[in-house]
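As structure tokens, the structure follows; a few thoughts come after it.
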Amino acid sequence: MRFQNPLTIDELCSIIGGSRAVQGNAQIKITGINEIHSVEPGNLSFVDHPKYYEKVLNSLASVILINKEVDVPEGKAIIITEDPLDDYLKVVRHFVKFDPQSEAINRKAEIGENTIIQPNVFIGENVKIGNNCLIHANVSIYADTIIGDNVVIHSGCVIGGDAFYFQKRENGWKKLYSCGCTVICDDVEIGSNVTIDKGVSGDTYIGKGTKFDNLVQVGHDTHIGNHCLIGSQCAIAGCTFIDDECIIWAKSSVNKDLYLAPHTTLLALSALDKSIHEEGQVLFGLPAIDARTKWKELAYQRRLPELVGEMEVLKKELNKLNKKK
């Protein structure tokens, strides 16, 4: 999320409240907040687990909330705090507040020419919808969503809902509040009952000409490229990057933080748990591997009863030979 006006370190500490130890370049101007997967120079980020210290400290983030004394990378500022996540969320909630809405379509929503909005559609604040779109009945478009031209959204969709993002605490799960956006580019068609979560701090992005079947879930901060096809009942986890012209067929799942090269095809009933960097691969299975290799494995599996029977016969013949000795 970008700030309208940059913050000084002093202003940031005032928002967080209490005294905080600041080390490094205290003159930095903070231009926005982001998690590690989408940080840019000028951003504030946070880290509270040793596993991620080096990754965040060496990222593009300019100001880092951290719960440990460390060497400050050149040009950065660190703010030492007992609970970096809590302080990060204070900043998020300072800039992003939930405003209840009494009307179905926010008065400040921007809706383009020849766009049709069917009955019982909800449109939140800071929503922009392009020209020649068709939004069917009972669609909910949450705040901070941008929709291009010639987009079709079928009934029951929820666009821009909160990210499913929680951190384990002693007394339960702590929610990481979403302050990102959802971007739907031109010529996208979204089937019924599809849910696309907004970014936690960056954007969830759906590229030009991509088409969704019904009942698809897209997680926060995920990028789906141009002209992709997503089949029914697919689940795509957060922070995944799916490049252009990929096809994911029905009832398949893609794990978080993965990359899919252009022209990747994931066949139905598959589950992908690792990144794919070679273009044009066809994958199948759980976990998904090269489809031809997987089909050979399945062919061998179907022969298992026959092979076990043959082994039993050989075992009996071997026992007879041993007895003759």
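Since every read-out is calculated from the coordinates, none of them should be taken as a lab result. Since the model is a prediction, treat every value here as computed from it, not as a measurement. Methodologically, a virtual Cβ is constructed for each residue, glycine included, from the backbone with ideal geometry; neighbour enumeration extends over all protein chains shown.
Round to the nearest 10 and give me the degree value, 0 to 90, for the angle of helix 304-324's Cα axis relative to the longest principal axis of the chain.
For 304-324 against the chain, the angle is about 40 degrees.
Would you look at the GNM of the chain, springs on alpha carbons closer than 10 Å, and say which of PRO262, PRO119, PRO305 moves the most?
Its mean-square fluctuation being the largest, the pick is PRO305.
Express the relative contact order of segment 78-168 as a whole percentage, based on alpha carbon pairs under 8 Å and six or more residues apart in sequence. Mind showing how you got there, number by number?
On the way: 161 pairs, mean separation 17.7, N = 91.
Worked out over segment 78-168, it gives 19 percent.
Could you state the number of Å between the C-alpha centres of segment 178-218 and segment 32-65?
When both Cα centres are located, 25 Å separates them.
Of the listed peptides 45-55, 289-299, 155-165, what is their order by residue-averaged count of other C-beta atoms within 10 Å, with the highest listed first? Could the numbers behind the result be given before it?
Numbers: 45-55: 16.1, 289-299: 13.1, 155-165: 19.1.
Output ranking for 45-55, 289-299, 155-165: 155-165, 45-55, 289-299.
Net charge near SER155, counting Lys/Arg +1 and Asp/Glu -1 over other residues with Cβ under 15 Å of its Cβ? Working shown, then result.
Numbers: positive: none; negative: GLU189, ASP213.
Charge balance near SER155 sits at -2.
Let me spell out the model: positive unit charges on the Cβ of Lys and Arg, negative unit charges on the Cβ of Asp and Glu, origin at the Cα centre of the chain. What dipole size does that give, in debye rounded to 20? Before the final figure, lay out each step's value.
Values: 34 positive and 42 negative charges, 361 e Å.
For this selection, approximately 1740 debye.
Excluding residues on the same chain fewer than 8 positions from LYS315, give the aspartates and glutamates whose Cα lies under 17 Å from its Cα.
The reachable aspartates and glutamates, counting only those whose Cα sits under 17 Å from LYS315, are GLU306.
List, in the order given, every pair from LYS90/LYS168; LYS90/LYS175; LYS211/LYS294 whose Cα-Cα distance in the structure shown is over 20 Å. Mind showing how you got there, number by number?
Working: LYS90/LYS168 18 Å; LYS90/LYS175 12 Å; LYS211/LYS294 27 Å.
Over 20 Å Cα-Cα: LYS211/LYS294.
Among VAL139, VAL70, VAL200, determine the one that fluctuates most according to a GNM of the chain built with springs between C-alpha atoms less than 10 Å apart.
For the chain, modelled as a Gaussian network with Cα springs under 10 Å, the answer is VAL70.
Which shape class, rounded, prolate or oblate, goes with the chain when its Cα gyration tensor gives a ≥ b ≥ c as root eigenvalues, a/c under 1.5 marks rounded, and past that a/b bigger than b/c marks prolate?
oblate
Using label points projected 7 Å from each Cα along Cα→Cβ, tell me how many nm separate ASN132 and HIS49, to one decimal.
Spacing of the two 7 Å Cα→Cβ label points: 4.6 nm.
Tell me whether segment 110-294 comes out rounded, prolate or oblate; compute the Cα gyration tensor, take square roots of the eigenvalues as a ≥ b ≥ c, and use a/c under 1.5 as the rounded threshold.
Working: a/c = 2.02, a/b = 1.31, b/c = 1.54.
Oblate shape, in that a/c is at least 1.5 and b/c is the bigger or equal ratio.
Just subtract the alpha-carbon distance of ASP86 and ASN319 from 0.36 nm times their residue separation and send over the number in nm, one decimal. Before the final figure, lay out the partial values.
Working: separation 233, 0.36 × 233 = 83.88 nm, distance 7.05 nm.
Stretched fully, the ASP86-ASN319 segment lengthens by 76.8 nm.
Under a 10 Å cutoff between Cα atoms, tell me which one of LEU44, LEU57, LEU12 has the largest fluctuation in the Gaussian network model of the chain.
LEU12
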